[in-house]
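Undergrad: Below is the structure I would like to discuss, written out as structure tokens.
The values are calculated or read from the model by the stated rules, or taken from the named source; none is laboratory data. Note that the structure is a prediction, hence the values are computed from the model and not measured. Here the Cβ positions follow ideal geometry from the backbone for every residue, glycine too, while neighbour counts run over all protein chains shown.
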Amino acid sequence: MPESPRKQALRAAWRLAELFKLEQLTPEIIAESAGLGVEAFIAEFGSVAQFLDEAHTLYLDDILARIVREASQMPPSLDRILRASTAQLDYCLEQHAFRNLIADARRRVPLVAESLHKRNRGTSLMISIELKALGCKSPMVIARCYCQMVLEAAQIEADAGAVVAEARQALRDFLAMWVPAKPAP
């Protein structure tokens, strides 16, 4: 069965990120890269902003799938939060071209920024529940700060094109400050 025009275009998003900057993306360029006519692209998405928002949602869904695969079988713990963060950072580094494109879009396309804010609120809530279970004081504040730190660490690594051990250690150190050590048996 042939792929839908919407899926064709979204599949092309990662390839486009390797070739173009945000300001270069037009309906014509996206449509051509996806093997579609401009009319088909417009009918499916309406705008470049809507296309980027949907591609961004797929990217975030891919990150979540990786996190679930890597950390969901672990018991609640600091290690589980860190494993989930490592999975996210690894995926962002693997997809650094798309991550850089979407980071630019988050700054300049309100629709994409709002999607990220919604996802971050949900992620912060999940992390805060885990932090609360671990005895952290002010779990929502710490979770929100931590989410922003992970995003910044991802940008640092994208800029470097490699894992930056100091950024990952800073994430561990930050959480370790706020999660009480287990009492001795």
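Undergrad: Check GLU3 against each of (1) within 28 Å of MET126 (Cα to Cα); (2) surrounded by fewer than 17 Cβ atoms within 10 Å (Cβ to Cβ); (3) of a type in the set (D, E, K, R) and name the one condition it does not meet.
TA: With respect to (1) within 28 Å of MET126 (Cα to Cα); (2) surrounded by fewer than 17 Cβ atoms within 10 Å (Cβ to Cβ); (3) of a type in the set (D, E, K, R), GLU3 is out only on (1).
Undergrad: Across segment 13-53, what is the total count of residues that are over 18 Å from the mean Cα position of the chain (by Cα) and aliphatic (A, V, I, L, M)?
TA: 12
Undergrad: A further question follows. Is there any pair linking a residue in segment 66-82 that is over 16 Å from PRO180 (Cβ atoms) to one that is surrounded by 12 or more Cβ atoms within 10 Å (Cβ to Cβ) and among the aromatic types (Phe, Trp, Tyr), with Cβ under 7 Å and at least six apart or on different chains, and which?
TA: Hits for this filter: ARG66/TYR91.
Undergrad: For segment 112-125, give me the residue count where each residue is farther than 20 Å from ARG168 by Cα and crowded, with 16+ Cβ neighbours inside 10 Å.
TA: Filtering segment 112-125 down to residues farther than 20 Å from ARG168 by Cα leaves 112-119, 121-122, 125.
Still in the running and crowded, with 16+ Cβ neighbours inside 10 Å: 112, 115-116, 119.
The total comes to 4.
Undergrad: If ALA165 satisfies every condition in (1) within 29 Å of LYS21 (Cα to Cα); (2) buried (at least 18 other Cβ atoms within 10 Å of the Cβ); (3) at pLDDT 95 or above; (4) of a type outside the set (Phe, Trp, Tyr) but one, which is the exception?
TA: Checking ALA165 against (1) within 29 Å of LYS21 (Cα to Cα); (2) buried (at least 18 other Cβ atoms within 10 Å of the Cβ); (3) at pLDDT 95 or above; (4) of a type outside the set (Phe, Trp, Tyr), the one that fails is (2).
Undergrad: Looking at segment 83-110, which of the residues that are small (Gly, Ala, Ser) and in contact (Cβ under 8 Å) with a residue 60 or more places away in the chain is farthest from ASP159 (Cα to Cα)? Steps first, answer last, please.
TA: First, pick out the residues of segment 83-110 that are small (Gly, Ala, Ser): 84-85, 87, 97, 103, 105.
From what is left, the residues that are in contact (Cβ under 8 Å) with a residue 60 or more places away in the chain are 85, 97, 105.
On the way: SER85: 18, ALA97: 10, ALA105: 16 Å.
Among them, the one singled out is SER85.
Undergrad: Okay, moving on. Please go through segment 90-109 and give me each residue that is among the β-branched types (Val, Ile, Thr) and assigned to a helix (DSSP H, G or I), ordered by number.
TA: The initial filter retains those residues of segment 90-109 that are among the β-branched types (Val, Ile, Thr), namely 102, 109.
Correct list: ILE102 only.
Undergrad: Separate question: Of the residues LEU36, LEU16, which single one is out of contact with any Phe, Trp or Tyr (no Cβ under 6 Å at 6 or more places or on another chain), touching a residue at least 24 places away in the same chain (Cβ under 8 Å) and part of a loop (DSSP other than H, G, I, E, B)?
TA: Working: LEU16 fails: part of a loop (DSSP other than H, G, I, E, B).
Checking each option against the conditions leaves just LEU36.
Undergrad: Shifting gears a bit: Within segment 159-183, which residues are of a type in the set (A, V, I, L, M, F, W, C), touching a residue at least 12 places away in the same chain (Cβ under 8 Å) and closer than 15 Å to SER85 by Cα? Please lay out each step first, then the result.
TA: Keep residues of segment 159-183 that are of a type in the set (A, V, I, L, M, F, W, C), which gives 160, 162-165, 167, 170-171, 174-179, 181.
Filter again for touching a residue at least 12 places away in the same chain (Cβ under 8 Å), leaving 162-163, 167, 170-171, 174-176, 178-179.
Within segment 159-183, VAL163, ALA167, ALA170, LEU171, PHE174, LEU175, ALA176 qualify.
Undergrad: Given the conditions (1) part of a loop (DSSP other than H, G, I, E, B); (2) within 16 Å of SER77 (Cβ to Cβ), which single one is not true for ALA176?
TA: Against the list (1) part of a loop (DSSP other than H, G, I, E, B); (2) within 16 Å of SER77 (Cβ to Cβ), ALA176 comes up short only on (1).
Undergrad: What number of residues in segment 21-33 are surrounded by fewer than 17 Cβ atoms within 10 Å (Cβ to Cβ) and either without any contact (Cβ under 8 Å) to a residue 24 or more places away in the chain or outside any loop (DSSP other than H, G, I, E, B) (or both)? Steps first, answer last, please.
TA: Kept after step one, since they are surrounded by fewer than 17 Cβ atoms within 10 Å (Cβ to Cβ), are these residues of segment 21-33: 21, 23-24, 26, 28, 32.
From what is left, the residues that are either without any contact (Cβ under 8 Å) to a residue 24 or more places away in the chain or outside any loop (DSSP other than H, G, I, E, B) (or both) are 23-24, 26, 28, 32.
Count: 5.
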